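*Asks:* Pasting a structure here, questions to come.
The values are calculated or read from the model by the stated rules, or taken from the named source; none is laboratory data. Note that this is a predicted model, so its numbers are computed, not measured. We place every Cβ from the backbone using ideal geometry, glycine too, and count neighbours over all the protein chains shown. The accessibility values were calculated without ligands, DNA or RNA, using every heavy atom of the protein model including side chains. Shrake-Rupley method; radii C 1.70, N 1.55, O 1.52, S 1.80 Å.
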Amino acid sequence: MTTTNDMQGPDPIILTLFANRFMSVAEAMGRSLQQTSISTNIKERLDFSCALFAPDGDLVANAPFIPIHLGSMSFAVKYQMELYGENLKDGDVLMTNSPHAGGSHLPDITIITPVFDSDSKKIIFFTASRGHHADIGGILPGSMPPTSVNIFEEGAEIISFKIVNGGIFDRDGLHEHMVEKPARYPGSSGCRNIRDVESDLKAQIAANNKGIQLIHAIVEDYGLETVQEYMYHIRHNAEKSVRNLLRDVAQRAGTNVLTSIDYLDDGSPIQLRVEIDEKEGSAVLDFAGTGCEVRGNLNAPISVVHSAVIYCMRSMLDMDIPLNAGCLVPLEIKIPEKSLLSPSRTAAVCGGNVLTSQRIVDVVLKAFHACAASQGCTNNLTFGAGGKDKDGGNSAGWGYYETIAGGSGAGPNWRGTSGVHTHITNTRIGDVEILERRYPVLLHQFALRTDSAGVGKYKGGEGAVREFEVLQGLQVSMLSERRTRQPYGMEGGGPGGLGRNTWIKQPRKEDGDLPEDSSSPITPREINIGGKATLFMGKGDRLLIETPGGGAWGALEEDPRVNEVPHINGWEPRGSLAERAAAQAAF
């Protein structure tokens, strides 16, 4: 196989063409997955990612999906390669979600399909898709329990399962892994809605097959040697870009050592020391000093740490290149063992993927002095019903999951953006029409949260307000951060506002809420449930979620006109997914 060391310099026009061809494969996979899926989580919220991988498992190209998925999927592909070796055949499809096997957290199920050359019958690529499934069992509906203390409480864990074997879909095996095995753990249920999960997994398999068809078309057009040659050129180009970035950072900072520290709401530190080698354009990122594994679920698998780092590197590059494995080549990432960033085999991790990952991003960007902190949270809301009947068996049920936007941090010459998903998440919010039609809830308000942004020369973004009323008794859970520690500002800018979760509880006789004097006014109780809580909400109860704002950059000037900096949208969506969204909005 041709390598970058053996090749002459690439033609820049052909390099751009291949970069876009590879990205278009991932985009087409994403369109297929969205169109053929059935769940709100994948079809409406777009909580999925598709990508193309080299024969060695390295990420080649992706569309603009979920950064936390894209950086860690390579770990999953490589794990399966080591597990199966050369024992994969055409028609095999693998399924995995275990953090021990390159996963992020259990609801994120990865489907991996090898791409075989038509002539040599050797693997020439892998296509993979990762989707967040709203319920895969565990102790609570939604499979994101804020109270979990080990991985068995979070649902079905699958190291490796050949969901399609030689073209035959293994439905019985799927039910064993998703329904029967997780229900064996005390207090846990199996998957509460296996029909929807099975349907979405088939949509992921179909999306991978779409990618295979398009890869074969590219190989037919250009030949396998040329396609793989430019695949390595693209990775080398990303590597060179990151090396130049590291040199520029060291020159601007006047030092080759960068440090930062930030804390989770429970006080656990995440500490980073970056040492840059200007000559080589390389760096060592050492997380020594980070806190030990926690009893709760804010532990982050190693693959999630790499996802956060590769996202930060790609975000700081002022050029249009695909996010791929080349971004990590100049970096050595050191993670202390037994820390919350390298937890033990059975540690709970569902919050580490969605919350701790955001704090890792905050710490990396703070070290590089790139921008103020964004909301630092994904404000995970889950609710649902069912799972165990009175005899301890599985019963029909369902779960819903969403993440809620907040404010982004300001930078050296831009204001923060209000009401957006930030950094490692890139999902949509559930549309109110679909939400209220499918689930027994009413949405009372969804708006920007005034006075939650950090104040400074460049103001941070505002957080959001989202208030639900439940129409029947439901188990409701919140998993959130930045409820005790504000998102920091930079260069004298003020911090963003703290988030808050409030249960507005209707008075009930059985709870002792009703006064003896019936003539006394009866008002709902307002209860701050903290950042992580699960509760059973009765009919008419409401949950008010106020998300954090973003930090500001720079101190306020005495002349108020200097502070009236216009908001500049420096990024515009592109590609077929964005074009489809624009076409839909035009009707």
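*Asks:* Only residues that are closer than 30 Å to Glu153 by Cβ and either surrounded by fewer than 24 Cβ atoms within 10 Å (Cβ to Cβ) or of a type in the set (Ser, Thr, Tyr) (or both): list them for region 110-127, please. Lay out the reasoning, then the answer.
*Replies:* Within region 110-127, the subset closer than 30 Å to Glu153 by Cβ is 110-112.
The one that is closer than 30 Å to Glu153 by Cβ and either surrounded by fewer than 24 Cβ atoms within 10 Å (Cβ to Cβ) or of a type in the set (Ser, Thr, Tyr) (or both): Thr110.
*Asks:* With the structure loaded, tell me whether Phe169 is in the same structural domain as Gln34 (by the TED database) and under 26 Å from the mean Cα position of the chain (by Cα) or whether it fails that test. Explain how you work it out, then say what you get.
*Replies:* Values: in the same structural domain as Gln34 (by the TED database): yes; under 26 Å from the mean Cα position of the chain (by Cα): no.
Here the answer is no, as Phe169 does not meet what is asked.
*Asks:* State which residue pairs qualify: first residue among the polar types (S, T, N, Q) and inside region 75-96, second residue open to solvent by 10 Å² or more (accessible area, probe 1.4 Å) and assigned to a strand (DSSP E or B) in any location, beta carbons under 9 Å apart, and separation of 6 or more residues or different chains.
*Replies:* From region 75-96, the pairs are Thr96/Phe161.
*Asks:* Next question, about the same structure. Of the residues Leu544, Leu514, Leu479, which single one is among the aliphatic types (A, V, I, L, M) and closer than 20 Å to Pro440 by Cα? Outline the logic, then answer.
*Replies:* Working: Leu514 fails: closer than 20 Å to Pro440 by Cα; Leu479 fails: closer than 20 Å to Pro440 by Cα.
Sole residue among the options that is among the aliphatic types (A, V, I, L, M) and closer than 20 Å to Pro440 by Cα: Leu544.
*Asks:* A further question on this structure: Return yes when Glu332 is in contact with a Pro (Cβ under 8 Å, 6 or more places away or on another chain) and outside the structural domain of Ile124 (by the TED database) and no when it is not.
*Replies:* Numbers: in contact with a Pro (Cβ under 8 Å, 6 or more places away or on another chain): no; outside the structural domain of Ile124 (by the TED database): yes.
For Glu332, the condition - in contact with a Pro (Cβ under 8 Å, 6 or more places away or on another chain) and outside the structural domain of Ile124 (by the TED database) - is not met.
*Asks:* Then there is this: Of all the residues that make up region 322-344, how many are under 21 Å from the mean Cα position of the chain (by Cα) and assigned to a loop (DSSP other than H, G, I, E, B)?
*Replies:* 8
*Asks:* Hey, among the residues in region 128-171 that are open to solvent by 10 Å² or more (accessible area, probe 1.4 Å) and of a type in the set (A, V, I, L, M), which one's nearest to Tyr439 (Cα to Cα)?
*Replies:* Step by step, filter region 128-171, then rank; the result is Ala134.
*Asks:* Can you confirm whether Gly456 is buried (at least 24 other Cβ atoms within 10 Å of the Cβ), touching a residue at least 60 places away in the same chain (Cβ under 8 Å), in a loop (DSSP other than H, G, I, E, B) and in contact with a Leu (Cβ under 8 Å, 6 or more places away or on another chain)? So that I can check it myself, show each step before the final result.
*Replies:* Details: buried (at least 24 other Cβ atoms within 10 Å of the Cβ): yes; touching a residue at least 60 places away in the same chain (Cβ under 8 Å): yes; in a loop (DSSP other than H, G, I, E, B): yes; in contact with a Leu (Cβ under 8 Å, 6 or more places away or on another chain): yes.
Against the criterion (buried (at least 24 other Cβ atoms within 10 Å of the Cβ), touching a residue at least 60 places away in the same chain (Cβ under 8 Å), in a loop (DSSP other than H, G, I, E, B) and in contact with a Leu (Cβ under 8 Å, 6 or more places away or on another chain)), Gly456 qualifies.
*Asks:* Got a number for residues in region 247-258 being buried (at least 16 other Cβ atoms within 10 Å of the Cβ) and assigned to a helix (DSSP H, G or I)? Can you show your working first?
*Replies:* So in region 247-258, the residues buried (at least 16 other Cβ atoms within 10 Å of the Cβ) come out as 247, 249-250, 256, 258.
Now drop any that are not assigned to a helix (DSSP H, G or I), which leaves 247, 249-250.
Number of matching residues: 3.
*Asks:* Within region 469-481, does at least one residue satisfy the condition of being open to solvent by 10 Å² or more (accessible area, probe 1.4 Å), part of a strand (DSSP E or B), touching a His at 6+ places or on another chain (Cβ under 9 Å) and modelled with pLDDT of 95 or more?
*Replies:* yes
*Asks:* Related question: Can you run down the residue pairs with Cβ atoms below 8 Å, 6 or more apart or on separate chains, where the first is in region 330-351 and closer than 21 Å to Ser143 by Cα and touching a residue at least 12 places away in the same chain (Cβ under 8 Å) and the partner is open to solvent by 20 Å² or more (accessible area, probe 1.4 Å) and of a type in the set (Phe, Trp, Tyr)?
*Replies:* Thr346/Phe152
*Asks:* Right, another one. Inspect all residues belonging to region 498-505 and state whether any of them is closer than 25 Å to Cys350 by Cβ, open to solvent by less than 10 Å² (accessible area, probe 1.4 Å) and of a type in the set (D, E, K, R).
*Replies:* Scanning region 498-505, I find no residue that is closer than 25 Å to Cys350 by Cβ, open to solvent by less than 10 Å² (accessible area, probe 1.4 Å) and of a type in the set (D, E, K, R), so the answer is no.
*Asks:* Another question about this same structure. Output the qualifying pairs, or none if there are none: Cβ atoms under 9 angstrom, residues six or more apart or on different chains, first residue in region 1-29 and at pLDDT 80 or above, second residue basic (Lys, Arg).
*Replies:* Hits for this filter: Val25/Lys210; Ala28/Lys210; Met29/Lys210.
*Asks:* Additional query: From the list Met319, Met313, which residue is within 16 Å of Val249 (Cβ to Cβ) and either assigned by the TED database to the domain that holds Leu52 or in a loop (DSSP other than H, G, I, E, B) (or both)? Please lay out each step first, then the result.
*Replies:* Numbers: Met313 fails: either assigned by the TED database to the domain that holds Leu52 or in a loop (DSSP other than H, G, I, E, B) (or both).
One residue alone meets the criteria, Met319.
*Asks:* Sticking with this structure for a sec: Could you tell me whether region 513-524 includes any residue that is more than 27 Å from the chain's Cα centre (by Cα) and at pLDDT 95 or above? Let's see the steps before the verdict.
*Replies:* Kept after step one, since they are more than 27 Å from the chain's Cα centre (by Cα), are these residues of region 513-524: 513-524.
Okay, now just the ones that are also at pLDDT 95 or above, so none.
No, the conditions are met nowhere in region 513-524.
*Asks:* Testing His175 on (1) in contact with a helix residue (DSSP H, G or I) (Cβ under 7 Å, 6 or more places away or on another chain); (2) open to solvent by less than 30 Å² (accessible area, probe 1.4 Å); (3) without any contact (Cβ under 8 Å) to a residue 24 or more places away in the chain, one condition comes back false. Which one is that?
*Replies:* (2)
Okay, residues lined up against (1) modelled with pLDDT of 95 or more; (2) assigned by the TED database to the domain that holds Ala134; (3) more than 25 Å from the chain's Cα centre (by Cα):
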residue: Ile429; (1), (2), (3): no, no, no
residue: Glu433; (1), (2), (3): no, no, no
residue: Arg437; (1), (2), (3): no, no, yes
residue: Val441; (1), (2), (3): yes, no, yes
residue: Arg449; (1), (2), (3): yes, no, no
residue: Ser452; (1), (2), (3): yes, no, no
residue: Lys459; (1), (2), (3): yes, no, yes
residue: Arg466; (1), (2), (3): yes, no, no
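*Asks:* If I filter region 296-310 down to residues being part of a helix (DSSP H, G or I) and open to solvent by 10 Å² or more (accessible area, probe 1.4 Å), which single residue comes out as farthest from Gly71 (Cα to Cα)?
*Replies:* Filtering region 296-310 for residues part of a helix (DSSP H, G or I) gives 302-310.
Then drop every residue that is not open to solvent by 10 Å² or more (accessible area, probe 1.4 Å), which leaves 302, 306.
On the way: Ile302: 11, His306: 6 Å.
The residue in question is Ile302.
Condition check ((1) more than 30 Å from Glu332 (Cβ to Cβ); (2) surrounded by fewer than 19 Cβ atoms within 10 Å (Cβ to Cβ)) across all residues:
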| position | (1), (2) |
| --- | --- |
| Gln204 | yes, no |
| Ala217 | yes, yes |
| Arg235 | no, no |
| Leu245 | no, no |
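*Asks:* I'm trying to understand the selection: among the residues of region 121-144, which are under 20 Å from Ala347 (Cα atoms), of a type outside the set (A, V, I, L, M, F, W, C) and in contact with a Cys (Cβ under 7 Å, 6 or more places away or on another chain)?
*Replies:* Asp135, Gly137
*Asks:* Look at region 241-279 and say how many of its residues are of a type outside the set (Gly, Ala, Ser), over 30 Å from Pro548 (Cα atoms) and touching a strand residue (DSSP E or B) at 6+ places or on another chain (Cβ under 6 Å).
*Replies:* To start, the set of residues in region 241-279 that are of a type outside the set (Gly, Ala, Ser) comprises 242-249, 251-252, 255-259, 261-266, 269-279.
With the extra rule that they be over 30 Å from Pro548 (Cα atoms), the set shrinks to 242-248, 251-252, 255-257, 275-279.
Adding the requirement that they be touching a strand residue (DSSP E or B) at 6+ places or on another chain (Cβ under 6 Å) leaves 246, 256-257, 275-276.
So the answer is 5.
*Asks:* Right, here's the next one. Return the residue satisfying two criteria in turn: it lies in region 401-418 and is in a loop (DSSP other than H, G, I, E, B) and open to solvent by less than 30 Å² (accessible area, probe 1.4 Å), and of such residues it is farthest from Gly496 (Cα to Cα).
*Replies:* In the first step, residues of region 401-418 are kept if they are in a loop (DSSP other than H, G, I, E, B); the result is 404-405, 407-410, 412-413, 415-418.
Now restrict to residues that are open to solvent by less than 30 Å² (accessible area, probe 1.4 Å): 404-405, 407-410, 416.
On the way: Ile404: 16, Ala405: 14, Gly407: 8, Ser408: 9, Gly409: 8, Ala410: 10, Gly416: 10 Å.
Looking at residues that are in a loop (DSSP other than H, G, I, E, B) and open to solvent by less than 30 Å² (accessible area, probe 1.4 Å), I get Ile404.
*Asks:* Scan region 409-427 for residues that are of a type outside the set (Val, Ile, Thr) and under 20 Å from the mean Cα position of the chain (by Cα) and jot them down. Steps first, answer last, please.
*Replies:* First, the residues of region 409-427 that are of a type outside the set (Val, Ile, Thr): 409-416, 418-419, 421, 423, 426.
Gly409, Ser418, Gly419, His421, His423, Asn426, listed by residue number.
*Asks:* Just to be sure, is Met81 at pLDDT 90 or above, out of contact with any Lys or Arg (no Cβ under 9 Å at 6 or more places or on another chain) and over 19 Å from Ala206 (Cβ atoms)? I'd like the intermediate steps shown before the answer.
*Replies:* Values: at pLDDT 90 or above: yes; out of contact with any Lys or Arg (no Cβ under 9 Å at 6 or more places or on another chain): yes; over 19 Å from Ala206 (Cβ atoms): yes.
Yes: the conditions hold for Met81.
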